[in-house]
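The values are calculated or read from the model by the stated rules, or taken from the named source; none is laboratory data. Nothing here was measured: the structure is a model prediction, and the numbers come from that model. We place every Cβ from the backbone using ideal geometry, glycine too, and count neighbours over all the protein chains shown. Remember, those area values only see protein heavy atoms, side chains included, never the ligands or the DNA or RNA. Shrake-Rupley method; radii C 1.70, N 1.55, O 1.52, S 1.80 Å.
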Amino acid sequence: MVGDGPRLLSNVIRSQDALHAPYGGVVPELAARAHLQTLVPVIERALEEAGTRWEQIDAVGVTRGPGLIGCLLVGVNLGQAIAWARGLPVIGVSHLAAHVYAALLEDEQLRPPVLGLVVSGGHSDLIRWQANGEIAVIGRTRDDAAGEAFDKGARILGLPFPGGPAIDKLAASGDPKAVAFPRPRAPGLDFSFSGVKTALLYEVRKRKTISEQERADLAASYQEAIVDALLQRVEAAIFPSPSGQFPPPLAGEGRVGAVGSWQTIVIGGGVARNRRLREVAQARLGHLARLIIPAPELCTDNAAMIGVAALIEWDRRGPDPAPFDADPSLGFG
Amino acid sequence: MRLAIDTSGVDQAMVVLDARRVLAAEDWVRRRDDQPVLARLEALVKRAGGGPDDLEAVAAARGPGSFTGLRVGLSLAAGLAYARHVPLHLIDSLPILARRANGDPAMVALRDAGRAEVFTWREGEPVRRMPVAELAGWLPNSARVIAEPAGMLATWSPSQAHLEIPEADRRRQSAALADSAIWTFESQKPLRYDEVQALYVQPAAAEERARKAP
Ligand SMILES: [Zn+2]
């Protein structure tokens with residue numbers, strides 16, 4: 001539940017991690033089954049925690065995509081049915097854009113242009129939130145998303161799903177310099193994580209036995225490689241190479257190319273909960289621009305960010321005039 | 001007014017009822033880039049001469065059937081019932097299909113389940129999902145059978161093709177849905193929202209694999 005400002009009134013998260021953990025990853029069919037049963041109770045609790053009644057609600061925001069079709073269908077249809085039944089306007093929004101907009105809950109004055117990094121289990125995107133309100137993707141992953149890289153790395157290290165938090169925890173007692181994993185070499189501002197994953201696999205196979213300290217060192221070094229690869233691309237977007245290898249700034253954005261050209265950098269998405277990423281990002285980017293990494297509970301998938309996105313879209317284009325379908329391959333639009 | 005939705009099969013339908021009277025009904029065939037079901041629903045309720053405030057109960061077909069269709073129908077029904085604080089019902093899909101027979105309902109209802117499998121139901125038995133090859137052994141020697149899509153029994157079990165009620169003797173899906181909905185609204189207990197679930201005749205594939213794994 002989000003109020004004007006935007007102001008966070010309540011944010012109820014029903015995690016399915018426990019449901020999927022035995023399978024080592026998200027099972028779409030189970031996710032969709034659980035969605036049907038949990039959505040109304042979660043909405044009820046969000047209203048309750050905000051101390052709100054339906055009579056006080058002005059509009060309904062709902063994720064139109066991207067994501068698993070079975071889950072999107074439930075949200076899109078249930079959200080719009082409620083809205084119609086209560087005579088409320090609906091705004092369908094992009095889940096990805098919402099990860100960027102979540103930063104408004106940390107700073108309500110935040111306005112584009114913003115350089116954003118969205119990192120999750122499904123995405124690793126570098127974006128420009130432009131002055132005209134549109135979001136342009138300037139870098140994306142060539143293979144795995146950062147979250148997938150964590151999940152796969154965790155599996156190689158014998159850690160439970162979800163991999164990100166497991167590696168984060170174990171890495172705290174490891175040496176990030178113990179193993180020099182290769183840094184991904186995708187062209188331009190793109191990401192690639194398959195190389196570092198393969199390198200981890202070889203490191204593990206090389207050893208006959210792995211002590212707990214070694215495992216922690218591997219986790220820390222692996223995490224360091226991913227964090228470094230992510231931040232390296234953010235830096236590259238701030239300082240385009242002289243060879244012009246990186247895409248030039250878009251019209252109307254201005255002041256790109258000089259130190260401090262980006263007033264604001266936002267890092268969002270589930271992987272932005274990673275403590276090492278937050279720490280190193282602060283150290284490397286904090287002095288170059290205003291860096292906003294929303295609180296962990298606003299980085300993980302949540303409805304508060306969808307509410308903020310709905311407020312932003314409302315100002316930009318107004319509510320959706322007619323019922324719409326889920327769009328599993330929707331981008332930031 | 002009461003609303004019932006069946007988006008579980010190929011032939012889909014919606015009806016608006018006033019007690020036992022059908023105020024408005026719509027039938028359509030599932031297509032890939034169809035308009036959103038909610039758009040049809042809004043138009044239908046309007047055609048019935050009402051609006052969302054007039055809803056007194058909502059029902060949706062719970063399968064077995066299309067994964068996508070079921071999620072649409074169940075989510076819409078749950079959203080409407082919740083938003084209007086009215087009773088929510090789920091209706092088994094194959095008994096609805098059985099009511100498409102002219103006259104008495106069919107004793108056996110079959111729905112294509114894809115991958116050479118078929119959903120089967122007969123009076124007094126739970127719904128099953130079986131390989132097409134097993135159908136001949138399961139089907140009674142004499143029974144009125146209704147199949148979806150129509151005419152499929154000739155493909156599934158050619159020697160029993162004569163058991164299938166011909167397409168010309170079938171009513172529209174909305175007529176069958178109206179009958180089932182009236183019976184459900186009048187005799188069944190509404191559900192809680194955390195009970196809203198499609199009818200699965202088998203566990204999720206992943207659950208199955210995990211159970212079989214050593
Ligand atoms: Zn996300």
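Other protein chain C-beta atoms within 10 Å of residue C-beta, averaged over A:83-92: 4. Ranked from largest to smallest solvent-accessible area, with a 1.4 Å probe on the protein heavy atoms, B:SER75, B:SER142 come out as B:SER142, B:SER75. Shielding value for B:35-44 is 4, the average number of Cβ atoms from other chains within 10 Å of each residue's Cβ.
When the charge dipole of chain B is built from unit charges on Cβ atoms (+1 for Lys and Arg, -1 for Asp and Glu) and taken about the Cα centre, the candidate among B:ALA205, B:VAL132, B:TYR193 whose Cα reaches farthest toward its positive end is B:ALA205. In the context of the full set of protein chains, residues of the range B:77-214 present 49 Å² of accessible surface per residue (probe radius 1.4 Å, heavy atoms only). To the nearest 10, the accessible area of A:SER329 is 100 Å² with a 1.4 Å probe. Counting only Cβ charges, +1 for Lys and Arg and -1 for Asp and Glu, the dipole size of the range A:110-293 around its Cα centre is about 160 debye. Derived value for the range B:95-169: Kirkwood hydrodynamic radius 12.0 Å. Basis is the mean of 1/r over every pair of different alpha-carbon atoms.
When the alpha-carbon atoms of chain A are used, the pair Rg, Dmax equals 20.3, 65 angstrom.
Here the relative contact order of chain B, from alpha carbon pairs under 8 Å that lie six or more residues apart, stands at 22 percent.
Within the shell of other residues whose beta carbon sits under 15 angstrom from the beta carbon of B:ASP104, the net charge comes to +3, with Lys and Arg scored +1 and Asp and Glu -1. Sorting A:ILE293, A:ILE238 by accessible area puts them as A:ILE293, A:ILE238; the probe is 1.4 Å, largest comes first, and only protein heavy atoms count. Tally up the carbon and sulfur contribution to the accessible surface of chain A as a whole percent, 1.4 Å probe, everything protein left in place. That fraction is 52 percent.
Rolling a 1.4 angstrom probe over the range B:95-169 with all protein chains present gives an accessible area of which 52% lies on carbon and sulfur atoms. Of interest is the spacing of the C-alpha centroids, which for the range B:134-154 and the range A:110-177 amounts to 53 Å. Per-residue accessible area (protein heavy atoms, 1.4 Å probe) orders B:LYS189, A:LYS197, B:LYS212 as B:LYS189, B:LYS212, A:LYS197, starting from the largest.
Shown for chain A are the DSSP H helices of 30 Å or more along their axis, judged by Cα atoms, with a mean Kyte-Doolittle hydropathy of at least 0.0: A:28-50. For chain A, the relative contact order works out to 25 percent when only alpha carbon pairs closer than 8 Å and six or more residues apart are counted.
Among A:ALA283, A:ASN132, A:ALA186, flag the residue with its Cα farthest along the positive direction of the charge dipole of the range A:110-293, charges on Cβ as +1 for Lys/Arg and -1 for Asp/Glu. Value computed over the given set: A:ALA283. Under the criterion of Cα pairs below 8 Å and six or more residues apart, the relative contact order for the range B:95-169 equals 28 percent. Over what distance in Å are the Cα centres of the range B:1-71 and the range A:307-324 separated? Using only Cα atoms to place each centre, the spacing works out to 26 Å. Building the convex hull from the alpha-carbon atoms of the range B:141-205 and averaging its projection over directions returns 7.3 nm².
For the range B:187-201, a reduction of at least 20 Å² in accessible area between the chain on its own and the assembled protein chains (probe 1.4 Å) is found at B:TYR193, B:ASP194, B:VAL196, B:GLN197, B:TYR200. With the convex hull drawn around the C-alpha atoms of the range B:13-85, the volume per residue stands at 93 Å³.
Residue-normalised convex hull volume from the C-alpha trace of chain B: 138 Å³ per residue.
Beta bridges assigned by DSSP with both partners in the range A:110-293 are antiparallel in approximately 55 percent of cases.
Anything losing 30 Å² or more of accessible area from the isolated chain to the full protein assembly: pick those residues out of the range A:1-35, probe 1.4 Å, ligands and DNA/RNA ignored. Buried-area filter returns A:TYR23, A:GLU29, A:LEU30, A:ARG33. Residues of the range B:64-106 buried by at least 30 Å² of accessible area upon assembly of all protein chains, compared with the chain on its own (1.4 Å probe): B:PHE67, B:ARG71, B:VAL72, B:SER75, B:LEU76, B:GLY79, B:LEU80, B:TYR82, B:ALA83, B:ARG84. Note on A:HIS287 and B:ASP194: the model spin-label points, each 7 Å out from Cα along the C-beta direction, lie 5.2 nm apart.
With a 1.4 angstrom probe, the accessible area lost at the B-A interface totals about 2900 Å². Solvent-accessible surface of the range A:110-293, taken per residue with a 1.4 Å probe and all protein chains present: 44 Å².
Taking the Cα centre of the protein assembly as shown as origin and charging only Cβ (+1 Lys, Arg; -1 Asp, Glu), how large is the dipole, in debye to the nearest 20? Using only the charged Cβ atoms, the result is roughly 1020 debye. For A:TRP54, the accessible surface of its heavy atoms amounts to roughly 30 Å² (probe 1.4 Å, protein chains only, rounded to the nearest 10).
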